[in-house]
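A quick write-up on the structure given underneath.
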Amino acid sequence: QEAYSLYHFSPSKTSSVAQKLYEGKDIGGLSTGLITYMRTDSVRLSDDFVSSCKDYIKKEYGEQYIGNTSFQSGGKNVQDAHEAIRPTDITLTPDKIKKYLSKDEYQLYSLIFDRALSSLMSSRRDELTTVILSGNDYCFQTSSSKTCFDGFYKVYGKYMDAEEKKVLPELRENEIFTVSEMNKNQHFTKPPLHYTEGKVVKLMQENGIGRPSTYAPTISTLLSHEYLENQKGSLIPTSQGELTVDKLVEFFPKYMSEKYTSDMENILDEIAAGNADGLSVLREFWDGFISLYNVAYSTMAKVAPVEVGRNCPNCGSPLVIRKSKYGDFVACSNYPKCKYVEKEEKKIEILEGKKCPHCGGDLVKRHSKKGSFYGCINYPKCNYMEGTDGKEILVSKKETVIPDDAPVCPKCGKGKLVEKTSRF
């Protein structure tokens, strides 16, 4: 949640970067794990770490910054087998190891380091002044605050939203003021904003749905199956997503409730603890689910695919838009009798003003894992290539050396067996 709010890291990116910090980075020639196990929602910290932090806080900031180091339980669904996410060594400050980390790794490590450290520091103390102005049966209230002691803000304040400090003039009780100006504004109720990925994680946590290890995969699945679209950070449901949810709520209301998912988490914990029988839980689920499934299978109306206004060249039936995991495509509505699929014409981008120096053919833009380049349109007869900067790309071919004593291929009896390498 914090990584999304501060750096706009998606949950999947945060998990990936944290995994690298956990597995270890090369710090001065030694592979060093920088954070503890991160797929946990525990708030417990080890006594050794707390003790080392106390010494660090006292040395760096002063004894008055040492706070309360006792922790309450994080909740009934918290898995406490691991500690809270923290740096493995409080002396490995972010600035000390910055040169060994990428930008993303440094940002996330700094956040974990500062959050763990500040949780063991004393509270911030503010002096709050509230003024009430009353007259003509109306009351107007204003307030201001002044920080007396910054406490954990000494470390974590840079991550917090900057507060606008209001400074009130010196006021005396029963002092009379003249109203110089009055503004009247009418506010209308606005629809709630679309959720961000960070907000979805927060909602899952609040409702006891899933575990820290499942937050990122859940969101990634919804995006990859195109039930949602990420538009400038907001998760927008697609027409397919809305249709799917509507039908699932209509025919499987019990299983679409967040309470059911939360209760299932508790049941799974009971099974893991040996207090519940897994087969009995599965049997109870199946008996309830299969009856609803049979009703849905027999009564759920099929959604007619959208026609594109053209007919199939093979059988004359209307062409319609169908969906697959690779995206939308146009196919015959008479499937499976007719399996015609309309091929999408690929647009060829030709490099203007230049021809292939080897054969005189056009140079067309191509793409590879390493980026874009221009290649001869007569490939594979002509394999000329050049980069987007106009420089020729030379491809070196490694000749295979065949030893004289190489064994003959047992399948064809003509070629010889040679040693080759692959990614396996």
- prompt: Reachable lysines from Lys337, Cα under 29 Å, same-chain residues fewer than 8 places away excluded?
  reply: Lys247, Lys302, Lys323, Lys325, Lys346
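Loop only per DSSP, at most 12 neighbouring Cβ atoms within 10 Å: give me the trypsin sites (Lys or Arg not before Pro) in region 137-216, ordered by residue number.
Filter output for region 137-216: Lys165, Lys166, Arg172, Lys184.
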query: Which part of region 346-367 falls in the paramagnetic zone of Thr388, meaning amide N under 13 Å from the point 7 Å along Cα-to-beta-carbon?
result: 365-367
- line: With the charge dipole of the chain built from beta-carbon charges (+1 for Lys and Arg, -1 for Asp and Glu) about the Cα centre, the Cα from Ser213, Tyr335, Gly360 projecting farthest to the positive end belongs to Gly360
Taking region 146-304 and dividing mean pair separation by its residue count, relative contact order in percent (alpha carbons under 8 Å, at least six apart): 16 percent
Point-to-point label distance, Glu170-Leu282, nm (Cα→Cβ direction, 7 Å offset): 7.9 nm
- line: What the 10 Å binned alpha carbon P(r) of region 1-113 shows, as percent of pairs per bin from 0, is 13, 40, 37, 10, 0
field: Leu6 accessible area, assembled protein chains, probe 1.4 Å, Å²
entry: 60 Å²
message: Once R0 is set to 35 Å, what does the formula 1/(1 + (r/R0)^6) return for the Cβ-Cβ distance between Thr244 and Asp95, expressed as a FRET efficiency to the nearest 0.05?
response: 0.15
- request: Taking the Cα centre of region 300-357 as origin, work out the dipole magnitude from +1 charges on Lys and Arg Cβ and -1 charges on Asp and Glu Cβ, in debye rounded to 20.
  value: 220 debye
- prompt: What accessible surface, in Å², does a 1.4 Å probe find on Ile321, ignoring ligands, DNA and RNA and rounding to the nearest 10?
  reply: 70 Å²
- line: Once the dipole of the chain is set up from charges on Cβ (+1 Lys and Arg, -1 Asp and Glu), the residue from the list Pro11, Gly415, Val50 lying farthest towards its positive end is Gly415
- prompt: Which chymotrypsin sites (Phe, Trp or Tyr not before Pro) from region 128-232 combine a DSSP loop assignment with at most 10 other Cβ atoms within 10 Å?
  reply: Phe177, Phe188
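Normalised by the residues of the chain, what does the relative contact order come to in percent, with Cα pairs under 8 Å and at least six apart?
It rounds to 8 percent for the chain.
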- request: Rounding to the nearest 20 debye, state how big the charge dipole of region 288-424 is about its Cα centre with +1 on each Lys and Arg Cβ and -1 on each Asp and Glu Cβ.
  value: 340 debye
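Return the calculated 222 nm mean residue ellipticity for the chain, to the nearest 500 deg cm²/dmol, obtained by summing -39500 (n - 2.57) across DSSP H runs with n ≥ 4 and dividing by the residue count.
-9500 deg cm²/dmol
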task: Of the options Phe285, Ala296, Ile267, report the single residue whose Cα projects farthest towards the positive end of the charge dipole of region 262-307 (beta-carbon charges: Lys, Arg +1; Asp, Glu -1).
output: Ala296
task: Round to the nearest 10 and report in Å² the accessible area of Met300, as given by a 1.4 Å probe over the protein chains' heavy atoms.
output: 70 Å²
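The values are calculated or read from the model by the stated rules, or taken from the named source; none is laboratory data. In this text, all values refer to a predicted model and were calculated from it rather than measured experimentally. All Cβ positions, even for glycine, are placed from backbone atoms using ideal geometry, and neighbour counts span all protein chains on display. We work out accessible area using only protein heavy atoms, side chains counted, and drop any ligands, DNA or RNA first. Shrake-Rupley method; radii C 1.70, N 1.55, O 1.52, S 1.80 Å.
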